[in-house]
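As structure tokens, the structure follows; a few thoughts come after it.
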Amino acid sequence: MSKAPSTPLISIITVCYNAAATIGATMRSVAAQSAGDYEHIVVDGASKDGTPDIARGLATERTRIQSSPDHGIYDAMNKGIGLARGKYLIFLNAGDRFHSEDSLRQITDAITANGYPGVVYGQTVLVDGDGRYLGPRHLTAPENLRLSDFAGGMKVCHQAFVALKRIVPLYNTNWRFSADYEWCIRVLQHSRSNVYTGTVLIDYLSEGATTRNRAASLLERYKIMCRYYGRVRTTLRHLGFVPRFALNALRSKMHKRDAAKQ
């Protein structure tokens with residue numbers, strides 16, 4: 001594989017910490033892409049489990065690896081932004097993968113065919129640690145993405161959200177679990193156009209940090225919604241979620257009861 005150009009179209013940023021079990025799948029997914037105008041930046045938080053060595057063993061001439069202590073995932077993402085030389089950024093965390101070998105080409109084609117928009121995005125599916133399909137993401141990316149769409153949550157998965165670097169801010173590290181959601185909102189505030197690829201772009205590992213800290217993440221997301229979309233509107237919208245949450249809780253309780261009987 002040829003060396004990445006000095007100013008590639010896309011910088012793929014992978015942040016990781018103690019990800020020896022998952023970093024390989026991500027790096028192999030990137031290396032298998034049919035499109036070539038990219039660089040892959042791996043930002044490791046000084047892992048203790050051999051993650052940097054695994055990454056170096058799978059690196060290509062398009063890979064750059066930095067391993068040093070950081071202050072969490074969003075601080076590491078900010079480091080990645082600082083290292084990136086590409087015109088566009090996509091964050092592909094350890095364990096996440098491109099959906100197919102042509103996913104990056106679908107992104108680059110959408111960029112070049114649409115006058116270099118602020119955001120290119122697509123769909124996401126959930127997979128387990130072995131890459132097996134678990135199901136669709138609970139939110140579906142709309143065909144015509146607007147800033148107002150994020151008032152109802154993270155309509156586009158962060159990993160399937162490709163942003164023009166010159167309009168991206170740094171992540172607000174005061175948010176521990178939902179800074180990616182707020183980051184996407186701020187990007188959309190400055191994007192002149194958003195282009196949908198019409199395809200599934202990302203296989204998302206379902207057991208990420210946000211998944212493990214769901215309650216704290218939802219509380220942060222509510223506060224962010226209030227800040228950008230108004231407290232009254234956000235609260236009324238969340239009241240509409242109560243019946244759905246209650247129904248899901250009842251179904252879960254019944255499922256556990258039935259399983260206990262077997």
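The values are calculated or read from the model by the stated rules, or taken from the named source; none is laboratory data. These numbers were taken from a predicted model, which means no experiment stands behind them. Quick reminder, even Gly has a Cβ in these numbers, built from the backbone with ideal geometry, and neighbours come from all protein chains shown. Keep in mind that these areas ignore ligands, DNA and RNA; they rest on the heavy atoms of the full protein, side chains included. Shrake-Rupley method; radii C 1.70, N 1.55, O 1.52, S 1.80 Å.
Tally the DSSP beta bridges in the chain and give the antiparallel ones as a percent, rounded to 5. Could the numbers behind the result be given before it?
Working: 10 of 34 bridges.
Here the share of antiparallel DSSP bridges comes out near 30 percent.
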I need to check one value: relative contact order of region 72-182, counting alpha carbon pairs closer than 8 Å and at least 6 residues apart, in percent.
38 percent
Extension gain residue 226-residue 174, at 0.36 nm per residue separation less the Cα-Cα distance, in nm?
17.1 nm
What does the accessible area of residue 132 come to, in Å² to the nearest 10, when a probe of 1.4 Å is used?
140 Å²
If you rank 196, 171 by how much accessible surface each has, with a 1.4 Å probe, what is the order from largest down?
196, 171
In this model, which of 165/223; 48/223; 48/165 are farther than 28 Å apart at the alpha-carbon?
48/223; 48/165
With just the Cα atoms defining each centre, how far is region 162-198 from region 17-48? Give it in Å.
21 Å
Per-residue SASA entry for residue 200, accessible area with 1.4 Å probe, Å² rounded to 10
50 Å²
For residue 49 paired with residue 109, estimate the spin-label separation in nm (one decimal), with each label point 7 Å from Cα along the Cα-to-Cβ line.
3.7 nm
Sorted by accessible area with a 1.4 angstrom probe, largest first, how do 183, 175 fall?
175, 183
When every protein chain stays in place and a 1.4 Å probe is rolled, 71, 40, 138 sorted by accessible area with the largest first are 71, 138, 40
Share (percent) of C-alpha pair distances in region 1-52 greater than 12 Å works out to 65 percent
Report the accessible area of residue 6, computed with a 1.4 Å probe over the heavy atoms of all protein chains in place, in Å² rounded to the nearest 10.
90 Å²
Probe 1.4 Å, heavy atoms of protein chains only: per residue, the accessible area of the chain in Å² is 49 Å²
Under a straight-distance cross-link criterion of Cα-Cα below 16 Å, which aspartates and glutamates are reachable from residue 79, leaving out those fewer than 8 residues away in the same chain?
39, 44, 70, 180
